[in-house]
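Take a look at the structure set out below.
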Amino acid sequence: MISLFATRNYRLLFSASAISNLGDGVSALAFPWLATLITRDPMLIALVAFATRLPWLLFSIPAGVWTDRVDRRQLMVKAGMLRFLLTAGVISVILSAPEFPVQNGTPYILALCALAFLLGSAEVVRDNAAQTVLPAVVAKHQLEQANGQIWSIEQIMGSFVGPPLAGFLIAYAVPAPFLLDAVTFAGAAALVWCMRLSPTSAKVAPRRSWMVEAGDGIHWLWGHSEILQLAIMLGCMNAMGIMALTILPLFGQELLGLNAAQYGLLITAEAAGGVAGGLICPAIAARLGVRRSLMLALPLMMVGWGMIGLVPNVWMVAPALFVGMFAGLMWNVVTVSYRQRRIPDDLLGRVNSLYRFFGWGMLPLGALLGGWIVSAAEPELGREMALRLPYLIAACGMGIIWVYALLKLRL
């Protein structure tokens, strides 16, 4: 840890990640909670989550080409400032609402969806550049340690500090969490602007056609089937996860009886699992190796979703969220470090973006699926069982992915 933080660029990148993810954590609670203040329709609430995640499906590949063409540091700065401006737009929408809950809130939901889509687009660019720039900041043998530290601080700020803070802020005043969001995005951009990278890490690649450059990444990924398998598995896992998490605000309000502040505290259990995972999982990966670490993470995720669906009690949901996020961090620390070590630097942006196209592109579809499942099941099963159903389906889906990995994944 000392050797990493002795590097100025790493300190700045780490600090920017911490501040930016505080904003992400605040918005992770504030956006869906704001949607529930506008409407109780699961499909409209899912539409906001869909709009937030749709850019991962649409723009992951172009963002990768762009990342390999330009200065990655400057790209992160510009994306951060755009998020600052867009968050100011969300505040404007809130201030234009006559009261909460909103009567005939569909126009406000649509405006929220548009801003969420643009914020998600900026996030795609910023996150791809941030993950791509790390190998230029630390040595290759330090990647697991650096990724573990960054994932840990992201979980601390994004899930441990951000959501409960958002719960208290939105209970105080609906615009308050979004005002904090705007400040964090601007602050993170300023820290990245202060980084000084070597010319080779900020080089501009010779310009060719967009399709040719994207094709280079596709060709490399197709020739490395184990990374392609990980990407497709991640897509299925993320679809299951976002399907369940999209419904969690309604689940928390209606089945657990939580208000905004209490819901934010519940999410800290998930954050604690992420913090523990980020700190402990590099050592677990070093001891078990890549494949065995992943074979441990998958059944833990299955157990976490199953616990929530079977026992909708806050004292079971909290440890289930802890277990699921711990396992998710184990998966992330291992697979991100594996990719960063294997992918050539001049292709890192494009291959990472393709990986995220498969891995994160399923997020908007999973979000819509969660809302559709609840809406479709409610007439037959009742509201309570309909809200529990996405978690049971997610557990079954994770079990299928685990079996596939046992049989097919070779690392």
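The values are calculated or read from the model by the stated rules, or taken from the named source; none is laboratory data. These figures come from a predicted structure and were not determined experimentally. Don't worry about glycine lacking a Cβ; one is built from the backbone with ideal geometry, like all the others, and counts go over all protein chains shown. Remember, those area values only see protein heavy atoms, side chains included, never the ligands or the DNA or RNA. Shrake-Rupley method; radii C 1.70, N 1.55, O 1.52, S 1.80 Å.
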Inset, instruction - Determine the pairs where a residue that is at pLDDT below 85, located within segment 274-295, has a partner that is basic (Lys, Arg) with Cβ atoms under 7 Å apart, the partner being 6 or more residues away or on another chain. - result: none
Inset, instruction - Can you confirm whether segment 51-64 contains a residue that is in contact with a Cys (Cβ under 8 Å, 6 or more places away or on another chain) and farther than 15 Å from Met211 by Cα? - result: yes
Legend entry - Lone qualifier among Phe59, Phe31, Phe5, Phe14 - being in contact (Cβ under 8 Å) with a residue 40 or more places away in the chain, open to solvent by 40 Å² or more (accessible area, probe 1.4 Å) and among the aromatic types (Phe, Trp, Tyr): Phe59
Inset, instruction - Determine whether segment 70-85 contains at least one residue that is at pLDDT below 85 and open to solvent by 40 Å² or more (accessible area, probe 1.4 Å). - result: no
Legend entry - Cβ pairs under 6 Å, 6+ apart, first in segment 218-247 and assigned to a helix (DSSP H, G or I), second among the hydroxyl-bearing types (Ser, Thr, Tyr): Leu230/Thr335; Ala231/Tyr355; Ala244/Tyr391
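Output the residues belonging to segment 323-346 that are of a type in the set (D, E, K, R) and open to solvent by 30 Å² or more (accessible area, probe 1.4 Å). Please lay out each step first, then the result.
The initial filter retains those residues of segment 323-346 that are of a type in the set (D, E, K, R), namely 339, 341-342, 345-346.
Across segment 323-346, the qualifying residues are Arg341, Arg342, Asp345, Asp346.
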Inset, instruction - Identify all residues within segment 401-411 that are hydrophobic (A, V, I, L, M, F, W, C), touching a residue at least 12 places away in the same chain (Cβ under 8 Å), assigned to a helix (DSSP H, G or I) and open to solvent by 10 Å² or more (accessible area, probe 1.4 Å); write none if there are none. - result: Ile401, Trp402, Leu406
Inset, instruction - Please find, within segment 311-322, the residue that is nearest to Gly257 (Cα to Cα) out of those that are assigned to a helix (DSSP H, G or I) and open to solvent by 40 Å² or more (accessible area, probe 1.4 Å). - result: Val314
Inset, instruction - Please specify each residue of segment 95-112 satisfying the condition of being touching a residue at least 24 places away in the same chain (Cβ under 8 Å), in a helix (DSSP H, G or I) and surrounded by fewer than 19 Cβ atoms within 10 Å (Cβ to Cβ). - result: Leu95, Thr106
Inset, instruction - Taking Ser92 as meeting all but one of (1) within 20 Å of Val133 (Cβ to Cβ); (2) open to solvent by 30 Å² or more (accessible area, probe 1.4 Å), write down the number of the exception. - result: (1)
Inset, instruction - Provide a single number: the residues in segment 376-397 that are of a type in the set (Phe, Trp, Tyr) and open to solvent by 60 Å² or more (accessible area, probe 1.4 Å). - result: 0
Inset, instruction - Collect the residues in segment 139-158 that are part of a helix (DSSP H, G or I), more than 15 Å from the chain's Cα centre (by Cα), modelled with pLDDT under 80 and among the hydrophobic types (A, V, I, L, M, F, W, C), keeping them in residue-number order. - result: Leu143
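Suppose the filter is free of Cβ contacts under 8 Å to residues at least 40 places away in the same chain and open to solvent by 30 Å² or more (accessible area, probe 1.4 Å); does Tyr172 pass it?
Details: free of Cβ contacts under 8 Å to residues at least 40 places away in the same chain: yes; open to solvent by 30 Å² or more (accessible area, probe 1.4 Å): yes.
Answer is yes for this residue.
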Inset, instruction - Scan Thr67, Thr52 and give me the residue that is among the β-branched types (Val, Ile, Thr), open to solvent by less than 10 Å² (accessible area, probe 1.4 Å) and out of contact with any strand residue (DSSP E or B) (no Cβ under 7 Å at 6 or more places or on another chain). - result: Thr67
Inset, instruction - Give me the pairs, please: first residue somewhere in segment 187-206 and within 16 Å of Pro344 (Cα to Cα), second residue anywhere and at pLDDT below 90 and of a type in the set (Asp, Glu), beta-carbon distance under 7 Å, and either six or more positions apart or on two chains. - result: Ala202/Asp71; Ala205/Asp68; Ala205/Asp346
Inset, instruction - Looking at (1) under 25 Å from Leu54 (Cα atoms); (2) open to solvent by less than 60 Å² (accessible area, probe 1.4 Å); (3) of a type in the set (A, V, I, L, M, F, W, C), find the lone condition where Trp372 falls short. - result: (2)
Legend entry - Met302 being in contact with a Gly (Cβ under 6 Å, 6 or more places away or on another chain), open to solvent by 40 Å² or more (accessible area, probe 1.4 Å), over 19 Å from Gln155 (Cα atoms) and modelled with pLDDT of 90 or more: yes
